[in-house]
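First comes the structure, then the notes that go with it.
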Amino acid sequence: MDMVDISASIAGQKLQSCLFNAAGAHCVTRGELFDLGKSRAGLILSKSCTLEPRKGNPEPRYKDLPYGSINSMGLPNQGYLFYGKIAKELKQHFSKPYFVSVSGLSFEDNLTIIEHLSQIKEIDALELNLSCPNIPGKPQVGYDFEQTEKLLDAVCKITEMRKKPLGLKLPPYFDFVHFEQMAEIIQRYPVKFVTCVNSIGNALFIDPEEEQVVIKPKGGFGGIGGYYVKPTALANVRKFYELLGNRIQIIGCGGVKTGIDAFEHILAGASAVQIATALVQEGPGCFARIEEELKEFMERKGYEKIEDFRGRLKVMD
Ligand code: RRO
């Protein structure tokens with residue numbers, strides 16, 4: 001099994017493992033970011049940051065569910081200056097890439113944050129979150145194609161000037177026309193990767209015994225993750241892989257709990273795979289376990305590296 005190589009390359013950065021955390025999962029505090037550094041995760045990705053530090057929505061705001069999770073965290077984070085400042089320290093301790101997720105609450109906030117973070121050399125790339133479902137009164141930018149285009153226009157001027165690689169965290173799409181419209185926009189900008197997908201927004205989980213919702217914010221509505229979203233996540237990875245080819249990389253995210261789940265994302269076209277619900281439920285030890293499971297499955301299949309099968313999903317003719 002040691003002959004099996006699961007290294008990857010994202011936005012020109014070398015990852016020893018193609019598996020790492022999704023933004024939001026175990027990456028808010030200094031301690032959590034260091035846990036990721038010490039784990040088998042191939043990259044450290046920060047919590048989505050805003051201009052000001054935020055406490056987030058009232059608790060309970062996350063709940064484990066039978067097949068995944070629901071959350072309405074509301075962007076709790078320590079503010080963009082913190083995630084910029086910690087970059088140097090992370091680089092001193094760990095030899096893996098560090099990406100910062102950005103989710104400004106307004107157009108202007110995003111530009112301020114990106115202008116600053118783009119100038120920090122220890123940050124290897126930015127992942128612009130176009131898909132937070134949990135801020136009351138703030139629609140998901142990725143569902144508004146006009147807004148997306150306007151934001152990319154301004155953001156890419158900055159990231160190009162500063163030579164900072166940019167990726168996008170996308171919401172799940174459910175209609176082929178929407179995939180095509182989004183892909184058409186993305187391809188006009190120097191975007192290095194898209195991460196598919198964020199949680200399925202504004203779902204509702206009900207506890208029938210209690211006759212009650214399971215999280216407090218927004219009347220119980222929240223983003224769904226885990227196995228509930230896996231087929232949707234795979235569809236998004238696959239469709240964007242069909243539309244973007246190898247011109248823009250895809251990072252798969254959604255319902256990865258085992259090595260075989262990660263294998264399926266790569267088979268659909270993903271160049272790396274993020275983990276959220278399983279990381280929250282199991283802790284950073286999940287990376288070593290899923291890595292072993294993925295290597296074992298690849299060995300059984302006779303694959304030596306992920307490029308041997310990436311994107312090679314068979315369809316029936
Ligand atoms: O913090 C959150 O409530 C949150 C964010 Br920003 C996001 O992008 N996705 C999610 O499921 N939760």
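The values are calculated or read from the model by the stated rules, or taken from the named source; none is laboratory data. None of these values were measured; they are calculated from a predicted model. No Cβ is skipped: glycine too gets one built from the backbone with ideal geometry, and neighbour counts run over all protein chains shown. Side chains included, ligands, DNA and RNA excluded: accessible areas come from the protein's heavy atoms. Shrake-Rupley method; radii C 1.70, N 1.55, O 1.52, S 1.80 Å.
Go through the stretch 249-276 and count every residue that is of a type in the set (Ser, Thr, Tyr) and open to solvent by less than 20 Å² (accessible area, probe 1.4 Å). Before you say what the answer is, go through the steps one by one.
Initial filter on the stretch 249-276 (of a type in the set (Ser, Thr, Tyr)): 258, 271.
Among the residues that remain, those that are also open to solvent by less than 20 Å² (accessible area, probe 1.4 Å) are: 271.
Residues flagged as of a type in the set (Ser, Thr, Tyr) and open to solvent by less than 20 Å² (accessible area, probe 1.4 Å) within the stretch 249-276 amount to 1.
Are there any pairs with C-beta distances below 6 angstrom linking a residue in the stretch 196-214 that is within 30 Å of residue 182 (Cβ to Cβ) to a residue that is modelled with pLDDT under 95 and open to solvent by 70 Å² or more (accessible area, probe 1.4 Å), with the two at least 6 apart or on different chains, and if so which?
Taking only residues 6 or more apart or on different chains, not a single pair turns up.
If we keep just the residues of the stretch 199-247 that are part of a loop (DSSP other than H, G, I, E, B) and within 13 Å of the ligand (Cβ to nearest atom), which is surrounded by the most Cβ atoms within 10 Å (Cβ to Cβ)?
Filtering first and then ranking leaves 199.
For residue 91, indicate whether it is more than 18 Å from the chain's Cα centre (by Cα), assigned to a strand (DSSP E or B) and either away from the ligand (no atom under 16 Å from the Cβ) or surrounded by 16 or more Cβ atoms within 10 Å (Cβ to Cβ) (or both). Reasoning before the result, please.
Working: more than 18 Å from the chain's Cα centre (by Cα): yes; assigned to a strand (DSSP E or B): no; either away from the ligand (no atom under 16 Å from the Cβ) or surrounded by 16 or more Cβ atoms within 10 Å (Cβ to Cβ) (or both): yes.
No: the conditions fail for residue 91.
Conditions tested, residue by residue: (1) charged (D, E, K, R); (2) touching a residue at least 40 places away in the same chain (Cβ under 8 Å); (3) touching a Ser or Thr at 6+ places or on another chain (Cβ under 9 Å).
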| position | (1), (2), (3) |
| --- | --- |
| 8 | no, yes, yes |
| 18 | no, yes, yes |
| 36 | no, yes, no |
| 39 | no, yes, no |
| 48 | no, yes, yes |
| 54 | yes, no, no |
| 67 | no, yes, no |
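Take the conditions under 21 Å from residue 229 (Cα atoms), assigned to a loop (DSSP other than H, G, I, E, B) and more than 16 Å from the ligand (Cβ to nearest atom) and apply them to residue 174. Does it pass? Give the derivation first.
Details: under 21 Å from residue 229 (Cα atoms): yes; assigned to a loop (DSSP other than H, G, I, E, B): yes; more than 16 Å from the ligand (Cβ to nearest atom): yes.
Yes.
State yes or no: is residue 300 over 28 Å from residue 70 (Cα atoms), touching a residue at least 24 places away in the same chain (Cβ under 8 Å) and either aliphatic (A, V, I, L, M) or not in a strand (DSSP E or B) (or both)?
No: the conditions fail for residue 300.
Looking at 175, 109 in this structure, which one is farther than 26 Å from residue 17 by Cα, of a type in the set (D, E, K, R) and free of Cβ contacts under 8 Å to residues at least 12 places away in the same chain? It would help to see each step written out before you state the result.
Details: 109 fails: free of Cβ contacts under 8 Å to residues at least 12 places away in the same chain.
The unique qualifying residue is 175.
Step by step: first the residues of the stretch 60-86, then only those that are part of a helix (DSSP H, G or I) and open to solvent by less than 10 Å² (accessible area, probe 1.4 Å), then the one that is nearest to the ligand (Cβ to nearest atom). Which residue is that?
Among them, the one singled out is 83.
Could you grab the pairs with beta carbons closer than 6 Å, sequence gap of 6+ or different chains, first residue in the stretch 121-143 and open to solvent by 20 Å² or more (accessible area, probe 1.4 Å), second one assigned to a loop (DSSP other than H, G, I, E, B) and polar (S, T, N, Q)?
Within 6 Å, the pairs are 129/48; 129/103; 132/103; 140/131.
Can you tell me which of 241, 303 is among the hydroxyl-bearing types (Ser, Thr, Tyr), under 13 Å from residue 195 (Cα atoms) and over 15 Å from the mean Cα position of the chain (by Cα)?
Going through 241, 303 in turn, just one is among the hydroxyl-bearing types (Ser, Thr, Tyr), under 13 Å from residue 195 (Cα atoms) and over 15 Å from the mean Cα position of the chain (by Cα): 241.
Can you tell me which residue in the stretch 10-34 is farthest from the ligand (Cβ to nearest atom), limited to those that are open to solvent by 60 Å² or more (accessible area, probe 1.4 Å) and under 27 Å from residue 132 (Cα atoms)? Can you show your working first?
Taking the stretch 10-34 first, the residues open to solvent by 60 Å² or more (accessible area, probe 1.4 Å) are 12, 14, 16, 30.
Those left that are additionally under 27 Å from residue 132 (Cα atoms): 12, 30.
On the way: 12: 25, 30: 18 Å.
My answer is 12.
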